[in-house]
Amino acid sequence: MKHLIASAGLAVAGLTAPAFADAHANAVTLQLQWVTQAQFAGYYVAKDKGFYEEEGLDVTIQPGGPDIAPPQVLAGGGADAMLNWMPSALSAREKGLPVVNIAQPFKTSGLMLTCWKDTGITGPQDFKGKTIGVWFFGNEYPFLSWMSQEGIPTDGGDDGVTVLKQGFNVDPLLQRQADCISTMTYNEYGQVLDAGVSEDELITFKYEDMGVATLEDGIWVLEDNLEDPAFVDKMTRFVRASMKGWKYAEENPQEAAEIVLENDETGAQTEAHQVRMMGEIAKLTAGSNGALDEADYQRTVDTLLAGGSDPVISKAPEGAWTSVITDQALN
Amino acid sequence: MTVAAHRPARLVPWGLALGGFVLIGVAFLVGWQLALVLAVWLALWAVNVGVAGTTAGTWAAPVLFGLTLLILWELTVRLFNVPGVILPAPTQIAVALAENTNTLRADFVQTVLKGALGGWLIGSTAGIATALLVARSDFLRRGLLPVGNFVAALPIVGTAPILVMWFGFGWESKAAVVVVMVFFPVLVNTVAGLADTTSMQRDLMRTYGASAGQDLRYLRASSALPFVFNGLKIATTLALIGAIVAEFFGSPTFGLGFRISTEVGRLNLPVVWAAIVVAAVTGSLWYGAIAMLEKRLTFWHPSQRGRR
């Protein structure tokens, strides 16, 4: 009985959630893909400096965290839009969750592998026989794709890489449990340096330099919602104000970091860390006005498809992005 | 010994049947899908009522109930188009189980055989051994039990990352987490069991001039057994939980906990449910095995006597 009620209730909620989500033509809920930090400064700046208000929007920013998968939140009707890395979103799309990219504030990738220099690693082929820490929860796709292209199996052994499911910290490197770990240029790399390791003890491989970079933080929404003109209008205003926030943050990193700190409810972030992060993030958002560059999109799709025996996606996605919103927002 | 009922199958009373039809009729106003689900459910319930109490019913009723749940689940998900990322249908889960058997088998070996079972054996042995020491010394009992209590109260989500850092990413750290979780329940239960003797029995042993060893072997070991099994059964549940949750905090790329957490991230919910099914079946079988062993060794205890 309870099961029936629960499943019927769930079904009803699933059907009506999208309707609830944009019952207000001006309310937007954004699901971040990690905790409050300068990686999302543009949105916090737009909120604090009143850019959203100017557009007549009431925006709620929901921080993410470990074990929160933004695609799932979107699927459950918990948000209007989510931030997600393109590989993760395209994979979700292939799994049957019809998400569509409406804007791409991040032009370049900040993902890199940080290794101890004394492991003797000088290039990707040296990864064989080594232990590498990889994040999961949507962040493993660029790495798996890269290894597939290099022809290195990821299930251990002397000819393959032993993969560790890395938590969101840098301990596996410091404790020598892994030879390399995944880091973001704007976050974990700094944490390794803060732990007392000097730059000459490390060797890094930026995914951009290796030619295997994929697009990162983009704004994604559910495809069905794009058929509602009120939703499209709302998101157009949202993207316009968000990009204004990003450009302001790029030009005023100190102020942006302070705004992020004010919005950090956990109190876990520090000013020095956020200022450094904002500086690095600005390098990634520079060069993008918010519109998704089709060439970048194609490069990401090609990287994902090239993953030989273990491709992240099995065929080129169709209708995975739209310029409808950015065309209107940026004119 | 169960006294089996010997009554024939019976029908649902007509009043309830009428109520059922009315409910289905009303449901038609909402939608034919809801009506169909309700109709199937009520029909299976009626069958279950029919067999309940008959000899065959003792096994048929639970099986029928389980099947009813699965059928209703499948119907609801299909008819109401519930997205697969929210709740997959049982058939999808079965397919995921079939397609991922090798992966799940490797996960099972890593999490259950190495992590959970290893930790359970070490933790239980340590718990029983410590209990034997504690039972002999009042001083130890007053000192160790509060410490054990404290250790058992440490939240696993706090201890697991620390133990991963100490013991590395492999199964050893998962076994360590299980040891921490399992040690205290087994210790406490064994101590209680060793003490569960009446003064008459203790006096009798003294009269016979029994040494401490003989006293333990002939008197207290028997009295302790039901309690020890109680502790071991609790420990099996904790061991499985501990091994799976500990993997959320750092693991190689296999293991049930790893599988559940990463496939949730990849929105592969059927595989997640398949891993859950593996864990649930394992837990039930393990618990059942201990319970069967208990039945054999402590047949004399009131808890083992059959229900009327």
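Expressed as an acute angle from 0 to 90° and rounded to the nearest 10, what is the orientation of the C-alpha long axis of helix B:221-246 relative to the principal long axis of chain B? That works out to roughly 60 degrees.
As a length-normalised measure over Cα pairs under 8 Å and 6 or more apart, the relative contact order of the stretch B:14-82 settles at 26 percent.
Look at the alpha carbon pairs under 8 Å that are at least 6 residues apart: their mean separation over the length of chain A gives a relative contact order of 29 percent.
Only Cα pairs within less than 10 Å get springs; with that Gaussian network setup on chain A, which residue of A:Thr108, A:Thr266, A:Thr29 has the largest fluctuation? Result for chain A, Cα springs under 10 Å: A:Thr266 fluctuates most. When the trypsin sites (Lys or Arg not before Pro) in the stretch A:158-207 are filtered for DSSP coil states and for at most 14 other beta-carbon atoms within 10 Å of their beta-carbon, the remaining sites are A:Arg176. In this calculation the C-beta distance from B:Val277 to A:Ser198 is compared with R0 = 41 Å, giving a FRET efficiency of 0.25. Comparing B:Thr54, B:Thr282, B:Thr237 in a Gaussian network model of chain B (Cα springs below 10 Å), the most mobile by mean-square fluctuation is B:Thr54.
Of chain A, which part is the longest with no GluC sites (Glu not before Pro) in a loop (DSSP not H, G, I, E, B) and with at most 11 other C-beta atoms within 10 angstrom? Kindly include the intermediate steps, with their values, before the conclusion.
Working: sites that count: A:Glu265, A:Glu318.
Answer from the scan: A:1-264.
Once you have a ≥ b ≥ c as the square roots of the Cα gyration tensor eigenvalues for the stretch A:48-130, tell me rounded if a/c is under 1.5, and otherwise prolate or oblate according to whether a/b is larger than b/c. Provide the component values of the computation, followed by the final result.
Working: a/c = 2.83, a/b = 1.91, b/c = 1.48.
The shape class here is prolate.
Here each label is just a point 7 Å from Cα along the line to Cβ, and for A:Leu330 and B:Leu16 those points are 6.6 nm apart. Rounded to whole Å, give me the distance from the Cα center of the stretch A:235-309 to that of the stretch A:39-99. Cα centres, the stretch A:235-309 to the stretch A:39-99: 13 Å.
Past the 31 Å Cα-Cα mark, which pairs from A:Lys165/A:Lys206; A:Lys117/A:Lys315; A:Lys107/A:Lys234; A:Lys128/B:Lys174; A:Lys95/A:Lys165?
In this structure, A:Lys117/A:Lys315 lie more than 31 Å apart at Cα.
Please list the non-local residues whose amide H lies under 5 Å from the amide H of A:Val161, H modeled 1.01 Å from N, same-chain partners needing a gap of 5 or more. Amide H neighbours of A:Val161: A:Gly129, A:Thr154, A:Asp155, A:Gly156.
So which chymotrypsin sites (Phe, Trp or Tyr not before Pro) in the stretch B:113-217 pass both tests, a DSSP loop state and at most 16 other Cβ atoms within 10 Å of the Cβ? Don't jump to the answer; show the numbers that get you there.
On the way: sites: B:Trp120, B:Phe139, B:Phe150, B:Trp166, B:Phe167, B:Phe169, B:Trp171, B:Phe183, B:Tyr208; in loops: B:Phe169, B:Tyr208.
Qualifying residues, ordered by number: B:Tyr208.
Using θ = phi - 60° in the Karplus curve 6.51 cos²θ - 1.76 cosθ + 1.60, the 3J(HN,Hα) couplings for the stretch A:30-35 round to 10, 9, 6, 9, 7, 5 Hz; x is entered for Gly and Pro.
Please give the residues of the stretch B:251-279, grouped as numeric ranges, whose backbone N is less than 12 Å from a label point set 7 Å along the Cα-to-Cβ vector of B:Val95. Counting only backbone N, you get B:270-271.
With a ≥ b ≥ c the root eigenvalues of the C-alpha gyration tensor of the protein assembly as shown, is it rounded (a/c under 1.5), prolate (a/b larger than b/c) or oblate? Taking the square roots of the gyration eigenvalues as a ≥ b ≥ c, the protein assembly as shown is oblate. With respect to chain A, whose longest principal axis is taken over its alpha-carbon atoms, helix A:141-150 is tilted by about 40°.
The 3J(HN,Hα) values that the Karplus relation (6.51, -1.76, 1.60; θ = phi - 60°) gives for the stretch B:133-150 are, in residue order, 5, 4, 5, 7, 10, 4, 4, 5, 4, 5, x, 7, 4, x, 5, x, 4, 5 Hz. Gly and Pro appear as x.
Specify whether the C-alpha gyration tensor of the stretch B:193-308 places it in the rounded, prolate or oblate class, a ≥ b ≥ c being the square roots of the eigenvalues: rounded for a/c under 1.5, otherwise prolate if a/b is larger than b/c and oblate if not.
Working: a/c = 5.13, a/b = 2.69, b/c = 1.91.
Here the stretch B:193-308 falls in the prolate category.
Each Cα pair under 8 Å and six or more residues apart adds its separation to the average, and for the stretch B:97-304 the resulting relative contact order is 28 percent. More than 13 angstrom separation, counting every C-alpha pair in the stretch B:14-82; what % is that? When every Cα pair of the stretch B:14-82 is considered, 66 percent fall beyond 13 Å. Please work out the C-alpha center-to-center distance from the stretch A:182-207 to the stretch A:117-177 and express it in whole Å. The two parts, judged by their Cα centres, are 15 Å apart.
Quick one: net charge around A:Trp246, please, counting Lys, Arg +1 and Asp, Glu -1 for every other residue with C-beta under 13 Å from its C-beta.
On the way: positive: A:Lys47, A:Lys49, A:Lys107, A:Arg240, A:Lys244, A:Lys247, A:Lys283; negative: A:Asp217, A:Glu250, A:Glu251.
For residues surrounding A:Trp246, the net value is +4.
Using a 10 angstrom cutoff on alpha carbons, build the Gaussian network for chain B and name the most mobile of B:Val182, B:Val109, B:Val271. Maximum fluctuation in the GNM of chain B, among the listed residues, is at B:Val109.
I'd like the orientation of helix A:2-21 relative to chain A: the angle between its Cα long axis and the longest Cα principal axis, in ° from 0 to 90, rounded to 10. Long axis of A:2-21 versus the principal axis of chain A: about 80 degrees.
Every helix of 4 or more DSSP H residues in chain B counts as -39500 (n - 2.57), and over all residues that averages to -24500 deg cm²/dmol at 222 nm.
Diffusion coefficient of the stretch B:97-304 by Stokes-Einstein, Kirkwood radius over Cα pairs, 10 °C, 1.306 mPa s: 86 µm²/s.
What is the local net charge at B:Ile260, summed over the other residues whose Cβ is closer than 10 Å to its Cβ (Lys, Arg +1; Asp, Glu -1)? Provide the component values of the computation, followed by the final result.
Values: positive: B:Arg259; negative: B:Asp107, B:Glu247, B:Glu263.
Spelling it out: positives minus negatives among the neighbours equals -2.
Dimensions of the stretch A:239-286 from C-alpha coordinates, computed as largest minus smallest value along each principal axis and given longest first, are 29, 19, 14 Å. Each residue, B:Thr58 and B:Asp203, gets one label point 7 Å from its Cα in the Cβ direction; the gap between the two is 4.2 nm. Quick one: Debye curve from the alpha-carbon atoms of the stretch A:125-189 only, equal weights, vacuum; give me log10 I(q)/I(0) at q = 0.18, 0.25 Å⁻¹ to two decimals. For the stretch A:125-189 at q = 0.18, 0.25 Å⁻¹, log10 I(q)/I(0) is -0.62, -1.13.
Quick note: the coordinates plus some simple rules give every number you see, no bench work behind them. Keep in mind that this is a model prediction, so the values were computed, not measured. We place every Cβ from the backbone using ideal geometry, glycine too, and count neighbours over all the protein chains shown.
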